[in-house]
Amino acid sequence: MSLKVPTVHEVSYKTYMINMFGMQSPSLVVGEERALLIDTGVGNYDLKGLVESITALPYDVVITHGHGDHIGGLGQFSQAYVHPADWQAVETFDAPFLAQYIQRMLPHDTWGCFDCPQEIMPWQYRPQLLPLEDGQVFDLGGRRVTAYAAPGHTPGEMVFVDDRSRILFSGDAANCNLGLGATTVETALAGLRNIKSHEAEFDRNFTGHLGWAGNLERAVSEGPEILDTCLAICQGIVDGTRHGEEMDAGIFGRRCCIIDHGVRVSYDPQKVHG
């Protein structure tokens, strides 16, 4: 029987990954005084109600980047911290386009795990956007979560490191399917290097797509080699020692250059330097 609700995985003490029908995975980090919600899914479920069923503490909402699958549920909340480079993406949120994204994703649920709601919930709020910057700290009481800039997937991509669980919440900045069409590869390389400079602070890397396409067995972190492989591929593209094959990028319908060697990196060959 397919599930009609998201699955919640406690990956460390009071640290939750929420599998939103295999399409995006918000994270909830709960301290002694406050909590922090990282991303809001595609917006086809009452995420606010789910969060408040897990914790009664006040909480802040932060966004890794402004793509629809990460901000679709943002209209359930009155405010959120977003890097200013991605504010326009939030302000021009396109619910019909995101509904199309759901339709494109459904055939990829090869396990048939979810009976996924296909309509985006209307936004109750046009949330107030608060600035998010490199090194910004959220003190939750007994644990601190630090934001780090990692532009590449979008200009304003951010990652978060929790000092208690020692987890890196990497959004789409350092995963096995790294899309770089929004910035130059050189910019992405700088973002990856910034994450790398903080690797002594984390032991695990949870992306924003836990259990992608309904794979319930993927309630685990990325392998430790993922970040270094992303770095090596991007460095090779910038140096001119690696060249991608031009092909269809898949469900997003764009053509680009792709290198698939341990991780899949897609990029615009006209946007390598700068």
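General remarks:
- When Thr154 is tested against the conditions (1) outside any loop (DSSP other than H, G, I, E, B); (2) modelled with pLDDT of 95 or more, the lone failure is (1).
- Qualifying residue in the stretch 74-83 (condition: out of contact with any Asp or Glu (no Cβ under 7 Å at 6 or more places or on another chain) and free of Cβ contacts under 8 Å to residues at least 40 places away in the same chain): no
- Search result, residues across the stretch 5-24 that are among the polar types (S, T, N, Q), closer than 20 Å to Asp115 by Cβ and out of contact with any Pro (no Cβ under 9 Å at 6 or more places or on another chain): Thr7, Gln24
- Where strands (runs of 3 or more DSSP E) fall entirely within the stretch 219-274, those with at least 2 residues that are at pLDDT 90 or above are at 255-260, 264-267.
- All of Asp115, Asp139 fail the test of being within 17 Å of Pro6 (Cβ to Cβ) and of a type in the set (Asp, Glu), apart from Asp115.
- When residues of the stretch 94-125 are limited to those that are under 28 Å from Tyr59 (Cα atoms) and of a type in the set (Asp, Glu), the one surrounded by the most Cβ atoms within 10 Å (Cβ to Cβ): Asp94
- Within the set Glu91, Glu157, Glu133, the sole residue that is more than 17 Å from Met23 (Cα to Cα), among the charged types (D, E, K, R) and buried (at least 22 other Cβ atoms within 10 Å of the Cβ) turns out to be Glu157.
- Summed over the stretch 25-48, residues that are on the phi > 0 side of the Ramachandran plot and under 12 Å from the mean Cα position of the chain (by Cα) total 2.
- Residues (touching a helix residue (DSSP H, G or I) at 6+ places or on another chain (Cβ under 6 Å) and of a type in the set (S, T, N, Q)) located in the stretch 143-168: Thr154
- Residues of the stretch 1-33 that turn out to be out of contact with any strand residue (DSSP E or B) (no Cβ under 6 Å at 6 or more places or on another chain), of a type in the set (Lys, Arg) and modelled with pLDDT of 95 or more, as a count: 0
- Among (1) out of contact with any Cys (no Cβ under 7 Å at 6 or more places or on another chain); (2) outside any loop (DSSP other than H, G, I, E, B), the one test that Gln124 misses: (2)
- Selection over the stretch 169-203 of residues that are part of a loop (DSSP other than H, G, I, E, B) and in contact with a helix residue (DSSP H, G or I) (Cβ under 7 Å, 6 or more places away or on another chain) gives a count of 5.
- Close pairs (6 angstrom Cβ cut-off, 6 or more residues apart or separate chains): of a type in the set (Val, Ile, Thr) in the stretch 172-192, not in a loop (DSSP other than H, G, I, E, B) anywhere: Val185/Cys234; Val185/Ile237; Val185/Val238; Val185/Tyr267
- Filtered by the rule that a residue be within 19 Å of Thr229 (Cβ to Cβ) and basic (Lys, Arg), the stretch 158-205 gives Arg193, Lys196, Arg204.
- Boolean, Ala99 is hydrophobic (A, V, I, L, M, F, W, C), touching a residue at least 40 places away in the same chain (Cβ under 8 Å) and farther than 30 Å from Glu33 by Cβ: no
- Any hit, the stretch 105-125, residues being under 19 Å from Gly171 (Cα atoms) and in contact with a Phe, Trp or Tyr (Cβ under 8 Å, 6 or more places away or on another chain): no
The values are calculated or read from the model by the stated rules, or taken from the named source; none is laboratory data. All values derive from a computational prediction rather than experimental measurement. Virtual Cβ from ideal backbone geometry, glycine too; neighbours counted across all protein chains shown.
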